[in-house]
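Take a look at the structure below.
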Amino acid sequence: MNEIKIFSPATVANVSCGFDVLGFCLDTIGDDMVIRKTNKKGIHITKIEGYDLPFEAKKNVAGVSALAMLEDAKPDFGFEIEIYKNIKPGSGVGSSSASAVGSVFGMNELLGRPYNKTQLTNFAMKGEALASQCEHADNIAPAIFGGFTLVKSVAPLDILQLPTPNDLFAVIIHPQIEIKTSDARAILPKKIDLKDAITQWSNVGSLVHALHTNDYKLLSNSLTDVVVEPFRSQLIPYFEDVKKSALDHGALGCGISGSGPSIFSLCYGNDTTQKVAKAIKNIYAETGISYEIYVSKINTEGIKILNTHQ
Ligand code: HSE
């Protein structure tokens, strides 16, 4: 195999209570990428469509993760990368992770799969770090493993795959403003109250238990963030209105997707999902702020191969 085309999915990180550790994978939004072996050694980004991103490998998240893998694998050939970007950078649904994951997943296939999913996550984290100035894997892990994941530790890297209840859907509303992850991290406090820490880890534990037991009520009661959301929600126009409307229309929970500005809602069943999507769409429709809205099942497969060529 000399060429591979892949779909690299968008993801929702944090999932309210799980800052930097929890995430889940979406299936209706993501980037396409083509990775090709080439005689010319090194990593060469030859095409970028959709958004204006750097072509120089060491300045591009897909390039940085690819270079990390190349340094380890040391093949006697190089790779060309084409990026067809659908996920807007700075949207909060794992745009940089999708790029970082796509290059290393594709290269691994072309190399004959020498690396496992955890190793791929490690390489992709190097690319993600370029965008957010810190190594975290809560978008990368669900893109690679699919479904819900929990990053137990980044050093050494330890990813837990969590079960995905069957009737769970996500609604994402993406107001068309950009929030840089590095900026959204800079406004967070370095220390938190013990009282808030107790609430937060009780919610993370309960959410994990709810996923294991298909307990939608407990899931709903666990989707609360007392640590990060109070700070970041101020960066997102009409966040509280969207959240109230989503919950009023039956969403199990609603919170900031990753570092924002996208807002996610988790819903039980398709009917409620459609109601919630319509309700939150109406909130933004009245504001004059442009937005995109997506409805997605939880993608339990993660990143996938679209086609291959000799
Ligand atoms: N956990 C990260 C954050 C996800 O919220 O800053 C965004 O990359």
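In the stretch 212-225, what residues are assigned to a loop (DSSP other than H, G, I, E, B) and free of Cβ contacts under 8 Å to residues at least 60 places away in the same chain? Matches in the stretch 212-225: Asn214, Asp215. Considered as a group, the residues in the stretch 161-170 that are closer than 18 Å to Leu22 by Cα and surrounded by fewer than 17 Cβ atoms within 10 Å (Cβ to Cβ) include one that is farthest from the ligand (Cβ to nearest atom), and that residue is Pro163. Working only within the stretch 7-28, note down all residues that are surrounded by 24 or more Cβ atoms within 10 Å (Cβ to Cβ) and of a type in the set (A, V, I, L, M). Of everything in the stretch 7-28, those that are surrounded by 24 or more Cβ atoms within 10 Å (Cβ to Cβ) and of a type in the set (A, V, I, L, M) turn out to be Ala10, Val12, Ala13, Val15, Leu22, Leu26.
Out of everything in the stretch 202-223 that is of a type in the set (Ser, Thr, Tyr) and touching a Ser or Thr at 6+ places or on another chain (Cβ under 6 Å), what residue ends up being nearest to Lys243 (Cα to Cα)? Going through the qualifying residues, I end up with Ser222.
Selection within the stretch 171-200: residues that are more than 16 Å from the ligand (Cβ to nearest atom) and within 17 Å of the chain's Cα centre (by Cα). The member of this set that is surrounded by the most Cβ atoms within 10 Å (Cβ to Cβ) is Val171.
The strands (runs of 3 or more DSSP E) falling completely within the stretch 241-301 that include 3 or more residues that are more than 16 Å from the ligand (Cβ to nearest atom) map to 263-268, 291-297. Scanning the stretch 87-98 for residues that are out of contact with any Leu (no Cβ under 8 Å at 6 or more places or on another chain) and closer than 17 Å to Gly146 by Cα returns Gly94, Ser95, Ser97, Ala98.
Could you list all residues from the stretch 71-98 that are hydroxyl-bearing (Ser, Thr, Tyr) and either without any contact (Cβ under 8 Å) to a residue 24 or more places away in the chain or surrounded by 24 or more Cβ atoms within 10 Å (Cβ to Cβ) (or both)? Answer for the stretch 71-98, where residues must be hydroxyl-bearing (Ser, Thr, Tyr) and either without any contact (Cβ under 8 Å) to a residue 24 or more places away in the chain or surrounded by 24 or more Cβ atoms within 10 Å (Cβ to Cβ) (or both): Ser91, Ser95, Ser96, Ser97. Quick check on my filter: what residues within the stretch 73-93 are within 11 Å of the ligand (Cβ to nearest atom) and at pLDDT below 95? Of everything in the stretch 73-93, those that are within 11 Å of the ligand (Cβ to nearest atom) and at pLDDT below 95 turn out to be Gly90, Ser91, Gly92.
The set of residues in the stretch 137-149 being of a type in the set (Gly, Ala, Ser) and part of a loop (DSSP other than H, G, I, E, B) consists of Ala137, Gly146, Gly147.
Listed here are the residues, each with its yes/no results for (1) of a type in the set (Lys, Arg); (2) in a loop (DSSP other than H, G, I, E, B); (3) outside the structural domain of Lys275 (by TED's automatic domain parsing).
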{"position": "Val151", "(1), (2), (3)": "no, no, yes"}
{"position": "Asp158", "(1), (2), (3)": "no, no, yes"}
{"position": "His174", "(1), (2), (3)": "no, no, no"}
{"position": "Glu178", "(1), (2), (3)": "no, yes, no"}
{"position": "Asp183", "(1), (2), (3)": "no, no, no"}
{"position": "Leu188", "(1), (2), (3)": "no, yes, no"}
{"position": "Lys191", "(1), (2), (3)": "yes, yes, no"}
{"position": "Lys195", "(1), (2), (3)": "yes, no, no"}
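The test for being at pLDDT 95 or above and under 21 Å from Gly63 (Cβ atoms) holds for Gln119.
Can you find a residue in the stretch 134-148 that is out of contact with any strand residue (DSSP E or B) (no Cβ under 9 Å at 6 or more places or on another chain) and at pLDDT below 95? Looking through the stretch 134-148, at least one residue is out of contact with any strand residue (DSSP E or B) (no Cβ under 9 Å at 6 or more places or on another chain) and at pLDDT below 95.
Select from the stretch 32-42 the residues that are surrounded by fewer than 24 Cβ atoms within 10 Å (Cβ to Cβ) and either without any contact (Cβ under 8 Å) to a residue 40 or more places away in the chain or of a type outside the set (S, T, N, Q) (or both) and list them in ascending order.
Those that are surrounded by fewer than 24 Cβ atoms within 10 Å (Cβ to Cβ) and either without any contact (Cβ under 8 Å) to a residue 40 or more places away in the chain or of a type outside the set (S, T, N, Q) (or both): Asp32, Val34, Arg36, Lys37, Asn39, Lys40, Lys41, Gly42.
Residues being touching a Leu at 6+ places or on another chain (Cβ under 9 Å) and surrounded by fewer than 15 Cβ atoms within 10 Å (Cβ to Cβ): count how many of those fall in the stretch 219-242. Number of matching residues: 1. Listed conditions (1) within 16 Å of the ligand (Cβ to nearest atom); (2) outside the structural domain of Ser96 (by TED's automatic domain parsing) are all met by Ala141, apart from (2). Of all residue pairs spaced 6 or more apart or on separate chains, none has beta-carbon atoms under 8 Å together with a first member in the stretch 118-142 that is closer than 24 Å to Ile187 by Cβ and a second member that is away from the ligand (no atom under 12 Å from the Cβ) and acidic (Asp, Glu).
The values are calculated or read from the model by the stated rules, or taken from the named source; none is laboratory data. None of the values given here were measured: they were computed from a predicted structure. Quick reminder, even Gly has a Cβ in these numbers, built from the backbone with ideal geometry, and neighbours come from all protein chains shown.
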